[in-house]
């Protein structure tokens, strides 16, 4: 994903390394720690399942 600075595969790896599984937790993690917008955070969370 060009607008996030990392490809989707890298975001999925980050999410899995952090051990988050719930959609809402993943979205909050990405928004708060990585300044990813809600839309992209939602997409990454859905793809990481």
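None of the figures in this text is laboratory data; all of them are computed from the coordinates on show. Computed from a predicted model, the values in this text were never measured in an experiment. With ideal geometry, Cβ positions are generated from the backbone for all residues, glycine too; neighbour counts draw on all protein chains shown.
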Would you check if there is a residue in region 20-43 being within 8 Å of the chain's Cα centre (by Cα) and outside any helix (DSSP H, G or I)? yes
Where the second residue is buried (at least 18 other Cβ atoms within 10 Å of the Cβ) and in a helix (DSSP H, G or I) and the first is without any contact (Cβ under 8 Å) to a residue 60 or more places away in the chain and on the phi > 0 side of the Ramachandran plot and lies in region 28-48, which pairs have Cβ atoms under 6 Å and are six or more apart or on separate chains? none
Here is a list of conditions, (1) assigned to a helix (DSSP H, G or I); (2) surrounded by 12 or more Cβ atoms within 10 Å (Cβ to Cβ), and residue 3 meets all of them except one; can you say which number that is? (2)
